Amino acid sequence: MPCTADFIEFVCSALAPLGVVRSRKMMGDYVIYLNDKCVITACDNMAFVKKLPCIADLMADAECGCPYGGAKEAYILDFQDRQKVLRVIEMLWEDLPFPKSRRK
């Protein structure tokens with residue numbers, strides 16, 4: 001089941017305190033960017049973040065899953081605790097690279 005527009009809007013508004021948030025539809029699901037870095041893959045109305053060491057302690061009790069077939073296992077964000085979500089995304093943002101330019 002693809003993500004609903006309401007879910008994407010909810011996730012983007014939850015991240016808004018951290019900066020400029022935008023979403024992009026990708027093969028039926030979405031990626032969500034914060035300040036030009038891809039921080040969330042949204043599939044089936046769930047928000048997935050990469051399993052990186054910088055957030056391992058914060059996400060130790062988080063549910064995990066694969067956003068789509070063939071993807072690496074990722075943490076699933078629980079938006080019941082928005083403060084935790086914001087901390088996780090802030091930490092991820094610091095660790096993730098900016099996308100490489102496609103210009104030649």
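Report yes if SER101 is loosely packed, with under 13 Cβ neighbours inside 10 Å, modelled with pLDDT under 95 and either in contact with a strand residue (DSSP E or B) (Cβ under 8 Å, 6 or more places away or on another chain) or among the hydroxyl-bearing types (Ser, Thr, Tyr) (or both), otherwise no.
Judged against the criteria, SER101 is a match.
Would you point out the residue of region 49-58, among those that are part of a loop (DSSP other than H, G, I, E, B) and exposed (fewer than 14 other Cβ atoms within 10 Å of the Cβ), that is farthest from the chain's Cα centre (by Cα)?
Ranking the qualifying residues of region 49-58, first place goes to ASP57.
Those residues that are in contact (Cβ under 8 Å) with a residue 24 or more places away in the chain, in a loop (DSSP other than H, G, I, E, B) and not aliphatic (A, V, I, L, M), I need them from region 64-92; list them, please.
Listed by number, the residues that qualify are PRO67, TYR68, PHE79.
Among (1) loosely packed, with under 14 Cβ neighbours inside 10 Å; (2) farther than 15 Å from ARG87 by Cβ, there is one condition ILE8 misses while meeting the rest; what is its number?
(1)
Can you find even one residue in region 51-70 that is of a type in the set (Lys, Arg) and at pLDDT below 95?
The initial filter retains those residues of region 51-70 that are of a type in the set (Lys, Arg), namely 51.
Of the ones still in play, those that are also at pLDDT below 95 are none.
Checked against the condition, which is being of a type in the set (Lys, Arg) and at pLDDT below 95, region 51-70 yields no hits at all.
Tell me yes or no: at least one residue of region 10-28 is farther than 13 Å from LEU96 by Cβ, assigned to a helix (DSSP H, G or I) and of a type in the set (Phe, Trp, Tyr).
Yes - at least one qualifying residue is present in region 10-28.
Could you check region 29-38 and list, in sequence order, the residues that are of a type outside the set (Val, Ile, Thr) and in a strand (DSSP E or B)?
Matches in region 29-38: ASP29, TYR30, TYR33, LEU34, LYS37, CYS38.
Take ARG24 and decide whether it is without any contact (Cβ under 8 Å) to a residue 60 or more places away in the chain, on the phi < 0 side of the Ramachandran plot and within 14 Å of the chain's Cα centre (by Cα). Walk me through how you get there before you give the answer.
Working: without any contact (Cβ under 8 Å) to a residue 60 or more places away in the chain: yes; on the phi < 0 side of the Ramachandran plot: yes; within 14 Å of the chain's Cα centre (by Cα): yes.
Yes: the conditions hold for ARG24.
Which of (1) under 23 Å from ALA5 (Cα atoms); (2) part of a loop (DSSP other than H, G, I, E, B) is the odd one out, the single condition ASP61 does not satisfy?
Single failed check for ASP61: (1).
Give the number of residues within region 10-21 that are in contact (Cβ under 8 Å) with a residue 24 or more places away in the chain, touching a Leu at 6+ places or on another chain (Cβ under 7 Å) and not aliphatic (A, V, I, L, M).
Total satisfying the criteria: 1.
The values are calculated or read from the model by the stated rules, or taken from the named source; none is laboratory data. Since this is a predicted model, take the numbers as computed values, not measurements. Counting neighbours? That spans all protein chains shown, and the Cβs are built from the backbone with ideal geometry, glycine included.
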